[in-house]
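Peer 1: Below you'll find the structure I mean.
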Amino acid sequence: MEHIGYIERQPNLDAVFAALADPTRRAILSRLAGGQASVNEIAAPFAISQPAVSRHLKVLERAGLIERDVDEQRRPAMLKAETMAAAVEWLTEFKAFWETSFDQLDDILIRIQTTKE
């Protein structure tokens, strides 16, 4: 993994992962994957106040995971998938490591099972 120019390439990665760390924000993103929604529509299934939902939306917006539009008096939020794609891209760099680890674990389990028989 190359670190040269890393900060310029992924400036919001820390903010993205911090935003994704909260289960309410992940649920909000799941809701927005189905289309844009107002704060009231987003807040409906949660047992938290509308201002609390607004604070979650601000965190998601600062991380670049959503954007807010002005539609008369509504401010609908919509998912910005390209920012999430940057996080997925970063995680994909570790795919080879995990595949190798799982293959090694499979080999160990097969050996254990073979010696028991």
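Each value in this text was obtained by applying a stated rule to the coordinates, not by laboratory testing. Everything quoted here is computed from the prediction, not taken from an experiment. Because the Cβ atoms are built from the backbone with ideal geometry, glycine has one as well, and the counts that use them run over all protein chains shown.
Peer 1: Relative to the present Cα-Cα distance, how much length would full extension add between R75 and D107 at 0.36 nm per residue of separation?
Peer 2: Numbers: separation 32, 0.36 × 32 = 11.52 nm, distance 5.37 nm.
Using 0.36 nm per residue and subtracting the Cα-Cα distance, I get 6.1 nm.
Peer 1: Now for a separate question. Under 8 Å for C-alpha pairs, at least 6 residues apart: give me the relative contact order for the chain, rounded to a whole percent. It would help to have the intermediate numbers written out before the result.
Peer 2: On the way: 86 pairs, mean separation 30.7, N = 117.
It comes to 26 percent, rounded to a whole number.
Peer 1: Then there's this: Can you figure out the FRET efficiency of K95 with R55, using R₀ = 41 Å and their beta-carbon distance, to the nearest 0.05? Present the calculation step by step, with values, prior to reporting the outcome.
Peer 2: Working: r = 34 Å, r/R0 = 0.83.
About 0.75, to the nearest 0.05.
Peer 1: To one decimal place, what Kirkwood hydrodynamic radius in Å is obtained for the chain from all pairs of distinct Cα atoms? Before the final figure, lay out each step's value.
Peer 2: Numbers: mean 1/r = 0.0595 Å⁻¹.
Answer for the chain: a Kirkwood hydrodynamic radius of 16.8 Å.
Peer 1: Using only DSSP helix segments of four residues or longer, with each worth -39500 (n - 2.57), what per-residue ellipticity at 222 nm results for the chain after dividing by its residue count and rounding to 500?
Peer 2: Taken over the chain, the calculation gives -19000 deg cm²/dmol.
Peer 1: What residues qualify as long-range amide H neighbours of I66, i.e. H under 5 Å apart, gap of 5 or more or another chain, H built at 1.01 Å from N?
Peer 2: Under 5 Å from the amide H of I66: E61, K80.
Peer 1: Identify all lysines with a Cα-Cα distance to K95 below 22 Å; exclude those on the same chain that are fewer than 8 residues away in sequence.
Peer 2: none
Peer 1: Express in whole angstrom the spacing between the alpha-carbon centres of the stretch 12-30 and the stretch 61-107.
Peer 2: Cα centres, the stretch 12-30 to the stretch 61-107: 9 Å.
Peer 1: A follow-up question, please. How large is the convex hull of the C-alpha atoms of the stretch 13-61 per residue, in Å³? The partial results should precede the final answer.
Peer 2: Working: hull volume 3.5 nm³, N = 49.
With only Cα atoms used, the stretch 13-61 gives 71 Å³ per residue.
Peer 1: List every residue whose amide H lies under 5 Å from the amide H of A37, counting only residues 5 or more places away in sequence or on a different chain, with H placed 1.01 Å from N in the peptide plane.
Peer 2: A77
Peer 1: So if each residue of separation counts as 0.36 nm, and I subtract the Cα-Cα distance between D22 and K116, what length gain in nm does that give? Before the final figure, lay out the partial values.
Peer 2: Numbers: separation 94, 0.36 × 94 = 33.84 nm, distance 4.37 nm.
Gain on stretching D22 to K116: 29.5 nm.
Peer 1: Once phi is turned into ³J(HN,Hα) by the Karplus curve 6.51 cos²θ - 1.76 cosθ + 1.60 with θ = phi - 60°, what whole-Hz value does each residue of the stretch 21-26 show in order, with x for glycine and proline?
Peer 2: Couplings: 5, 9, x, 5, 5, 5 Hz.
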